[in-house]
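The values are calculated or read from the model by the stated rules, or taken from the named source; none is laboratory data. Note that the coordinates shown come from a computational prediction; the quantities given were computed from them, not determined experimentally. No Cβ is skipped: glycine too gets one built from the backbone with ideal geometry, and neighbour counts run over all protein chains shown. The area values use the complete protein model at the heavy-atom level, side chains included, leaving out ligands, DNA and RNA. Shrake-Rupley method; radii C 1.70, N 1.55, O 1.52, S 1.80 Å.
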Amino acid sequence: MDDHPVLLAGVSSLIASCDDMFVVGTGGTAGAAIELVAAHDPDILIMDVRLPGDAIKATARIVESGSKTKVLFFTASEDPEVAILGIEAGARGHVLKGSSIEELVQAVRMVHAGETYITPGFAARIVAGLRTGQKPPPHNDPMHLTVREEQVLRLLRQGSTNREIGVALRISEKTVKNYMTTLMQKLNARNRIEVVLAAQALDTDHRVADRHPPS
């Protein structure tokens, strides 16, 4: 969903060119996005966060409707506050329009698989931007998590609530909250969203380090 026809056509062609994807519809407003989801219930909705008609409210309505559709923002907006609002509304990703074609496709596949995807680098900026006057989290340092903490974090990144995490891991909701507190301390995060973003930034740093081992 995009209000720029040329870009909309380009993204549609890109998705259609992938063997494991196809396009069920397009539109140029937030209202059209809601209608498209109601009519087709697609797996993924790629939408510009600046779409006319308030894309963030549209995202919240789509999530509240119980649709299986996962919203992925593809936008030129590099405003951390806008990205946070989108994630809080239920969006599962935020890809910058300056990103490569390969990254957009990767983001679609990761979101479809249940992950949260933020353009690498931008995730760290979001976390840092939320801490005015505070030291950014030490993403370059090794972070040791227990097996259970990793399980909680994985489910959290899939958008699960504390109750859903508890059911999946067969532990109480109170125990989940205790793990959340520990994760926030280890990742220097203040809330669930910061935990997810900090974890993704950490993963990105580790992948870069793996590709470029010290000489």
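For the reader, a short list of remarks on this structure follows.
- Single match in 41, 20 (criterion: on the phi > 0 side of the Ramachandran plot and either of a type outside the set (S, T, N, Q) or touching a residue at least 12 places away in the same chain (Cβ under 8 Å) (or both)): 41
Condition check ((1) closer than 19 Å to residue 29 by Cα; (2) out of contact with any Pro (no Cβ under 9 Å at 6 or more places or on another chain)) across all residues:
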{"residue": "42", "(1), (2)": "yes, yes"}
{"residue": "48", "(1), (2)": "yes, yes"}
{"residue": "61", "(1), (2)": "yes, yes"}
{"residue": "68", "(1), (2)": "no, no"}
{"residue": "78", "(1), (2)": "no, yes"}
{"residue": "95", "(1), (2)": "yes, yes"}
{"residue": "104", "(1), (2)": "no, yes"}
{"residue": "107", "(1), (2)": "no, yes"}
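- Restricting segment 115-156 to residues that are under 28 Å from residue 74 (Cβ atoms) and basic (Lys, Arg), the residue that is modelled with the lowest pLDDT: 131
- Total residues in segment 4-53, condition open to solvent by less than 60 Å² (accessible area, probe 1.4 Å), in contact with a helix residue (DSSP H, G or I) (Cβ under 8 Å, 6 or more places away or on another chain) and farther than 22 Å from residue 65 by Cβ: 5
- Checking each residue in segment 68-101 for being open to solvent by 20 Å² or more (accessible area, probe 1.4 Å), hydroxyl-bearing (Ser, Thr, Tyr) and touching a Leu at 6+ places or on another chain (Cβ under 9 Å) picks out no residue at all.
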